[in-house]
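A short worksheet on the structure shown next.
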Amino acid sequence: MKETKQFTTVEQMETDMKKLKEIADSLNVDTFEGRAASQQPQCKFGSDGVCCTICGMGPCRITPKAPYGICGADEHAIAGRNFLRMAAAGSAAHSDHAREILHVLHETSPEGPYQIKDEAKLIRLAAEWGVKTEGRDIYEVAHEVAEIGLLEFGKPFGTLRNLNRATKERQEVWEKQGIAPRAIDREISTALHMSTIGNTTDPLELVRQAMRVGMADGWGGSMLGTDFTDIIFGTPQARGTSGNLGVLEEDQVNIIVHGHNPCFSEMIVLAADSKEMQDYAKSKGAQGINISGICCTANEVTMRHGVKIVGGFLQQEHAILTGAVEMMCVDVQCVFPSIARIKDCFHTKFVTSSPICRIPGSVYVELSGEDTETAYKKAIELVKDAIDNYQNRDQSKVWIPENKQDAVVGYSTEQIISSLDGVTNSFVASDPTGTYKPALDAIRAGVIRGAVAMVGCNNPKARMDHNHTEIMKGLLANDILIVGSGCASQAAIKSGFMDFDAKEICGEGMKRVCNLVGIPPILHMGACVDISRMMLLVTDMASEWGVNTTDLPVVGCAAEWMSEKAVAIANYVISTGLDVFLGINPPIMGSSKMLEITTEGMRDISGAGFTYNTDPHELVRLMVETIEAKRKALGI
Ligand code: SF4
Ligand code: MSK
């Protein structure tokens, strides 16, 4: 008889983290736990969103005794403007990342180092955008498509071309409600302009622009980023990997990639895979080169190469504290500047690569989208440097936790259709016009009750991965399918919930579906930008079913979010018609109107809204309630 699967509990992960924190303490270096403690109590004005620093007359803080800022703005205006600025910053981060990818696409060539891996996807996109492909060189097509894509950032007229991909109903809602995004940069600029001193103070209109700038991310920057990353590096397919701090290897050269934009990490993976570097590592006494990743760069390279996941956002410092890391290579976003201090206690080299993410104490090796020719050469030099650094590792300082779990990752929409087609239809990879029918049938029959997109970060305001994993267990037990991205996905990987064997924690219906389709109960859909894949998934499901996206028994959940990007994401998910459940309160609680607008008023705009609750079990109850209510409304 098959043994019962051993999952890794949050308590086990905490034990590992505690031991590594003790190592930090012994070295007299700070980590997030100590810094979070030293920030307590955190400023209530800030956490309620009623502190304004927008102009030089401030800061202004709203209290019962001082109900207005110097300019006369009230708490609703201040919290609304802060909320909008978070959404704008998040949209800027995802979209600028996408712009970089488009520049890389523009530089692709048959000689490399960046090439076209998914020609079929490029041709489909070219056809969608009216770009001639017949008889043309594929790179010529790629460069023209890249130019058109780049125009989406600053075109003076019209709305984003990807909005056409949505259902007719959504397109009409967006148009009617004034949230159909124009050029991406314009929405970010408008958001900043609207929220300067002396402009909009109506919180409803500030939220409306937050939705529009969020849409510029989800259906603009993020969607472009995802499509073109697939075209350059390949559309993800299901593959095996493993995750948690235990993936670091004692007898290999450990290189960690971290951040979001895979252009740098892809080159590192390629370089480390080369025979030249593998042989060089052996010549230096190592058994090989072990690449692992943190945050969304890890999600990108695991989906395309099976690269191991060393951990999520809150484990980046602890990975270095194992003493076993020769080099950490970062690109953009979610990088703790404290890495520069921690690495000084070890032999670890800390390499930054983007002009967007400059950190004192790091080695800077620039890799820009407009100058890609030398990228591979630079990656080879870095990998060689990491190998040379192996001999500097102080074995007496090495402690690698044992916990790690196997996982299956890489569920792009194309892969999901392919898996489903394994049940009923035949699938042609070059033309994924497949069907979600088996999934829809399972939902209609009630075998699966619905689906939840679990996304987002870790946040010291909650126990690391506790909200994620408790919610995952609760949803799966209720026969609710989960699709994941970002650090939420990594929580699932580290716990063992993304393994085929994980179905034993599911209800009977989910178990049957996992067995029949041959999938794990939580599908890894990628990085934060890949939440755009989820938008297309729900759009296609709604179209195939003949209902609106708001009718689907599907919701989103960011149980431990922390980034401004999550605010942008939540706004586009809600604009797409899906309710969003947050496990960390956003900084708006000091405004009764913002609370009302985001939980109720948004429903009048898009048919969906926020629910806030910091108790993961309550969140499960609320999501199940919403899903069941949607089922009832559908008559299923
Ligand atoms: Fe104060 Fe108004 Fe300036 Fe904000 S914009 S800092 S509320 S004066
Ligand atoms: S990496 S944005 S901590 S999910 Fe995308 Fe994780 Fe959140 Fe960064």
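What the table below lists for this structure:
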{"quantity": "Within the range 246-262, tally of residues that are within 16 Å of ligand 2 (Cβ to nearest atom) and of a type in the set (A, V, I, L, M, F, W, C)", "calculated": "2"}
{"quantity": "Unique match (being outside the structural domain of residue 524 (by TED's automatic domain parsing), in contact with a Gly (Cβ under 9 Å, 6 or more places away or on another chain) and surrounded by fewer than 23 Cβ atoms within 10 Å (Cβ to Cβ)) among 345, 334, 329, 296", "calculated": "345"}
{"quantity": "Qualifying residues in the range 45-56 (those that are free of Cβ contacts under 8 Å to residues at least 40 places away in the same chain and either surrounded by fewer than 19 Cβ atoms within 10 Å (Cβ to Cβ) or over 14 Å from residue 80 (Cα atoms) (or both)) - the one farthest from ligand 2 (Cβ to nearest atom)", "calculated": "56"}
{"quantity": "Members of the range 583-601 found to be in contact with a Phe, Trp or Tyr (Cβ under 7 Å, 6 or more places away or on another chain) and crowded, with 24+ Cβ neighbours inside 10 Å, listed by number", "calculated": "588, 594, 598"}
{"quantity": "Tally of residues being in contact with a Ser or Thr (Cβ under 9 Å, 6 or more places away or on another chain), within 19 Å of residue 602 (Cβ to Cβ) and not aliphatic (A, V, I, L, M) across the range 540-555", "calculated": "3"}
{"quantity": "Residues (under 27 Å from the mean Cα position of the chain (by Cα) and not basic (Lys, Arg)) located in the range 194-212", "calculated": "195, 206, 207, 209, 210, 211"}
{"quantity": "Evaluation of residue 385 against (1) surrounded by fewer than 18 Cβ atoms within 10 Å (Cβ to Cβ); (2) in a loop (DSSP other than H, G, I, E, B); (3) modelled with pLDDT of 95 or more (one fails), failing number", "calculated": "(2)"}
{"quantity": "Answer from 126, 98 - the residue that is in a helix (DSSP H, G or I), under 20 Å from residue 189 (Cβ atoms) and modelled with pLDDT of 95 or more", "calculated": "98"}
{"quantity": "Condition check for residue 116: buried (at least 24 other Cβ atoms within 10 Å of the Cβ) and touching a residue at least 60 places away in the same chain (Cβ under 8 Å)", "calculated": "no"}
{"quantity": "Flag for residue 89 being at pLDDT 95 or above, of a type in the set (A, V, I, L, M, F, W, C) and loosely packed, with under 15 Cβ neighbours inside 10 Å", "calculated": "no"}
{"quantity": "Enumeration of residues in the range 375-417 that are more than 19 Å from residue 349 (Cβ to Cβ) and free of Cβ contacts under 8 Å to residues at least 60 places away in the same chain", "calculated": "396, 417"}
{"quantity": "Yes/no for residue 313 being aromatic (Phe, Trp, Tyr) and closer than 19 Å to residue 496 by Cα", "calculated": "yes"}
{"quantity": "Filtered residues of the range 612-631 (kept if farther than 24 Å from residue 465 by Cβ and aliphatic (A, V, I, L, M))", "calculated": "629"}
{"quantity": "Qualifying strands (runs of 3 or more DSSP E) (wholly inside the range 241-355; at least 3 residues being touching a residue at least 60 places away in the same chain (Cβ under 8 Å))", "calculated": "253-258, 308-311, 327-330"}
{"quantity": "Listing of helices (runs of 4 or more DSSP H) fully contained in the range 430-544 that carry 1 or more residues being more than 13 Å from ligand 2 (Cβ to nearest atom) and closer than 29 Å to residue 94 by Cα", "calculated": "466-477, 486-495"}
{"quantity": "Residue 132 vs. criteria of a type in the set (Lys, Arg), in contact (Cβ under 8 Å) with a residue 12 or more places away in the chain, surrounded by fewer than 21 Cβ atoms within 10 Å (Cβ to Cβ) and not assigned by TED's automatic domain parsing to the domain that holds residue 375", "calculated": "no"}
{"quantity": "Residue satisfying condition, being more than 28 Å from residue 441 (Cβ to Cβ), touching a residue at least 60 places away in the same chain (Cβ under 8 Å), out of contact with any Leu (no Cβ under 9 Å at 6 or more places or on another chain) and not assigned by TED's automatic domain parsing to the domain that holds residue 191, within set 626, 598", "calculated": "598"}
{"quantity": "Filter pass, residue 109 being polar (S, T, N, Q) and either assigned to a helix (DSSP H, G or I) or within 16 Å of ligand 2 (Cβ to nearest atom) (or both)", "calculated": "no"}
{"quantity": "Residue in the range 185-205 that is nearest to ligand 1 (Cβ to nearest atom), counting only those that are crowded, with 24+ Cβ neighbours inside 10 Å and closer than 20 Å to residue 576 by Cβ", "calculated": "191"}
{"quantity": "The lone exception for residue 206 - which of (1) part of a strand (DSSP E or B); (2) in contact with a helix residue (DSSP H, G or I) (Cβ under 7 Å, 6 or more places away or on another chain); (3) not assigned by TED's automatic domain parsing to the domain that holds residue 388 it fails", "calculated": "(1)"}
{"quantity": "Sole residue being surrounded by fewer than 18 Cβ atoms within 10 Å (Cβ to Cβ), in the same structural domain as residue 78 (by TED's automatic domain parsing) and either touching a helix residue (DSSP H, G or I) at 6+ places or on another chain (Cβ under 7 Å) or aromatic (Phe, Trp, Tyr) (or both), chosen from 160, 125, 150", "calculated": "150"}
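Residues checked against (1) under 18 Å from the mean Cα position of the chain (by Cα); (2) among the aliphatic types (A, V, I, L, M); (3) surrounded by fewer than 24 Cβ atoms within 10 Å (Cβ to Cβ); (4) within 16 Å of ligand 1 (Cβ to nearest atom):
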position	(1), (2), (3), (4)
456	yes, no, no, no
459	yes, no, yes, no
467	yes, no, no, no
473	no, no, yes, no
477	no, yes, yes, no
486	yes, no, no, no
489	yes, no, no, no
492	yes, yes, no, no
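The values are calculated or read from the model by the stated rules, or taken from the named source; none is laboratory data. All values reported here derive from a predicted model rather than from experimental measurement. All Cβ positions, glycine included, derive from the backbone under ideal geometry; neighbour counts span all protein chains shown.
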